[in-house]
1. Just to confirm the number: angle between the C-alpha axis of helix 53-63 and the first principal axis of the chain, 0 to 90 degrees, nearest 10?
2. Along the three principal axes, how long is the stretch 142-300 when you take its alpha carbons, biggest first, rounded to the nearest angstrom?
3. Counting only C-alpha contacts under 8 Å and six or more residues apart, can you give the relative contact order of the stretch 141-300 as a whole percent?
4. Full extension from residue 258 to residue 126: what is 0.36 nm times the residue separation minus their Cα-Cα distance, to one decimal in nm?
5. Is it possible to state the helix-based mean residue ellipticity at 222 nm for the chain, with each DSSP H run of 4+ residues giving -39500 (n - 2.57), the sum divided by total residues, to the nearest 500 deg cm²/dmol? What is it?
6. Specify, per residue and in Å³, the volume enclosed by the convex hull of the alpha carbon atoms belonging to the stretch 114-207.
7. For a distance above 18 Å, tell me the whole-number percent of Cα pairs in the stretch 174-227 that qualify.
8. Assuming R0 = 45 Å, what is the FRET efficiency of residue 180 and residue 49, from their Cβ-Cβ distance, to the nearest 0.05?
Ligand SMILES: NC(=O)c1ccc[n+]([C@@H]2O[C@H](COP(=O)([O-])OP(=O)(O)OC[C@H]3O[C@@H](n4cnc5c(N)ncnc54)[C@H](OP(=O)(O)O)[C@@H]3O)[C@@H](O)[C@H]2O)c1
């Protein structure tokens, strides 16, 4: 059985990956919080700080995995405009360190990147389209991609976007935020001018699993199969969860006065992915059905 190290195992994606890979691979989980937050039976959890080079080196040498999935990241887009160094150390330096040490055991590296590498002027982006990141977080994601592409490792760079799903003790994602607010009859303001492909988290894990099984390497856009603006996505969430959509107010991105600029239409063309794996990530309705079923299982 192949050994796979999953960095960021306590995050929304990390948890989903641990569950997806656990049956077919020997999974070793690594996260900042260690075992304290999550545990899947039979999976060893290690407390590893991505910005600690010595810790990463010792851990990876000891494990010498066949595959590394890096789902750990500094993900606070606005925070990265202030915490520039922490963002860079987590999202870029850590990747450099992994690659440096990995040359001794030559694993496949799977790294998660973002639609934010694009400026959002075009939409329906393919893997061939030129990038133009707008803020520090976005630049850090682009820099890591470039370092991986220039390395000698076999790799998958999985660009994804608007992740939603259930995670144990994770921060709210867009869908769980909408559900949480509307369930309490609280108003929400949602932008109409940000367009993308909402991605159900377990579909991202499934896509990565299938790419690895088929030894399909390189750069992939992995996202839900439907392009929709954020306001309409919120309305679909309200509909699926029988919540009051009149609580959703339309705004535009400029109203939010966020520190980091956002790409407006960073939607993906996912044809390369679907052709290679013979499978399609869910559209919004199907993804929300899966989320509803998962939430009802986990809430009792
Ligand atoms: N969420 C989205 O909509 C979205 C969109 C595009 C791309 N992405 C990318 O997808 C990936 C996964 O995102 P996500 O939503 O699952 O993020 P998340 O829930 O915020 O999880 C990120 C994980 O990174 C870990 N981490 C952060 N700093 C660390 C450090 N110094 N050392 C060790 N671990 C550290 C955290 O560990 P602890 O929990 O242990 O603190 C956390 O579990 C990231 O690369 C992100 O950039 C996400």
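1. Between the helix axis and the principal axis of the chain, the angle is about 70 degrees.
2. Sorted largest first, the three principal extents are 52, 39, 28 Å.
3. Working: 239 pairs, mean separation 49.2, N = 160.
Result for the stretch 141-300 is 31 percent.
4. On the way: separation 132, 0.36 × 132 = 47.52 nm, distance 2.72 nm.
The span from residue 258 to residue 126 would gain 44.8 nm if fully extended.
5. On the way: 11 runs with 109 residues, N = 300.
Rounded to the nearest 500, the figure is -10500 deg cm²/dmol.
6. Values: hull volume 13.4 nm³, N = 94.
Once divided by residue count, the hull of the stretch 114-207 is 142 Å³.
7. Details: 751 of 1431 pairs.
Value for the stretch 174-227 (Cα pairs over 18 Å): 52 percent.
8. Values: r = 30 Å, r/R0 = 0.66.
Step by step, r from the Cβ atoms, then E = 0.90.
Computed from the coordinates by the stated procedures, all read-outs in this text should not be read as laboratory data. Since we're looking at a predicted model, the values are computed, not measured. Using ideal geometry, Cβ is built from the backbone for each residue, glycine included, and neighbour counts are taken over all protein chains shown.
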